[in-house]
1. Out of all the residues in region 55-95, which are in contact with a helix residue (DSSP H, G or I) (Cβ under 8 Å, 6 or more places away or on another chain) and not in a loop (DSSP other than H, G, I, E, B)?
2. I'm trying to understand the selection: among the residues of region 102-142, which are in contact with a helix residue (DSSP H, G or I) (Cβ under 7 Å, 6 or more places away or on another chain) and charged (D, E, K, R)?
3. Any residue in region 47-56 that is in contact with a strand residue (DSSP E or B) (Cβ under 9 Å, 6 or more places away or on another chain) and over 21 Å from Arg143 (Cα atoms)?
4. Working only within region 54-79, note down all residues that are within 14 Å of Thr151 (Cβ to Cβ) and either among the aromatic types (Phe, Trp, Tyr) or in contact with a Gly (Cβ under 9 Å, 6 or more places away or on another chain) (or both).
5. I'd like to verify a number: residues in region 46-72 that are over 17 Å from Ala159 (Cβ atoms) and surrounded by fewer than 16 Cβ atoms within 10 Å (Cβ to Cβ), how many?
6. Kindly provide the set of residues from region 121-170 that are without any contact (Cβ under 8 Å) to a residue 24 or more places away in the chain and of a type in the set (D, E, K, R), ordered by number.
7. Exactly one of these conditions fails for Ile95: (1) free of Cβ contacts under 8 Å to residues at least 24 places away in the same chain; (2) within 14 Å of Leu161 (Cα to Cα). Give me its number.
8. Checking the conditions here, which among Val92, Val142, Val52, Val74 is over 13 Å from the mean Cα position of the chain (by Cα), of a type outside the set (Ser, Thr, Tyr) and modelled with pLDDT of 95 or more?
Amino acid sequence: MRSTRSARAAASALSADVALLAVSLSGCASAAPGEDPADLGAIAERANAVGVAPELVYTTELDGYRLAPQSVGVVGAEGLSASWFNEATGAVLTIRSEHGELTAASCPETPLWDALGGPVTCTEQEGVWHRTLDGTHEYVAVRDGASIRVTGMNNAPQAELLAAAKAVRVPSEAELEGLFSDAPRHPAGPVERGDLPDHGDGAPIDPSGPGG
């Protein structure tokens with residue numbers, strides 16, 4: 001009987017560990033702790049207005065850093081770019097999202113964002129890619145078919161870039177509003193000129209001369 005109870009206890013503990021692991025893995029791209037990701041429709045509405053693919057909308061957070069809303073915009077074909085600023089140190093970190101998951105095979109062949117071409121050294125570090133070339137460091141989080149690069153300026157510490165990469169996630173409703181607080185809510189329409197006539201292009205018409 002004692003051995004049966006021990007086996008049941010061990011099985012229960014294993015199940016709990018597996019469940020905890022599943023929750024931790026499924027939460028990699030979720031919103032901030034205690035908050036649900038924003039509705040996909042809401043994300044699409046704000047993202048489409050600036051030309052960003054809704055599935056490439058991600059955010060992050062790091063103690064001491066504040067989002068610079070004016071930095072948020074499209075990068076590449078339809079990725080998202082956003083920067084955070086540390087007022088105390090002057091350091092800046094930027095995230096840039098793009099389609100495609102970085103892999104062990106593609107990582108060394110993919111150029112760094114802030115460095116010229118060359119052999120990139122890639123190592124897996126705490127669930128994200130750490131990429132280096134000639135002293136330049138870049139971290140990449142892989143989330144649901146997307147890669148989100150995290151780079152720094154003004155001597156942003158590597159530890160902070162790593163922390164920001166690990167914190168990459170789909171924004172909550174509040175984070176979504178903050179992310180696009182400085183962006184238009186509707187796509188810009190075509191510019192209409194008021195100096196053209198309703199018919200034709202408005203070019204002068206020269207009368208025909210004697211020769212036709």
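The values are calculated or read from the model by the stated rules, or taken from the named source; none is laboratory data. These figures come from a predicted structure and were not determined experimentally. Cβ coordinates were reconstructed from backbone atoms using ideal geometry, including for glycine residues, and neighbour counts include every protein chain displayed.
1. Correct list: Leu56, Thr59, Leu67, Pro69, Val72, Gly79, Leu80, Ala82, Trp84, Leu93, Ile95.
2. Once the filter is applied, which keeps residues that are in contact with a helix residue (DSSP H, G or I) (Cβ under 7 Å, 6 or more places away or on another chain) and charged (D, E, K, R), region 102-142 yields only Glu126.
3. yes
4. Tyr65
5. The number of residues fulfilling the criteria is 8.
6. Matches in region 121-170: Glu124, Asp134.
7. For Ile95, the exception is condition (1).
8. Only one candidate qualifies: Val92.
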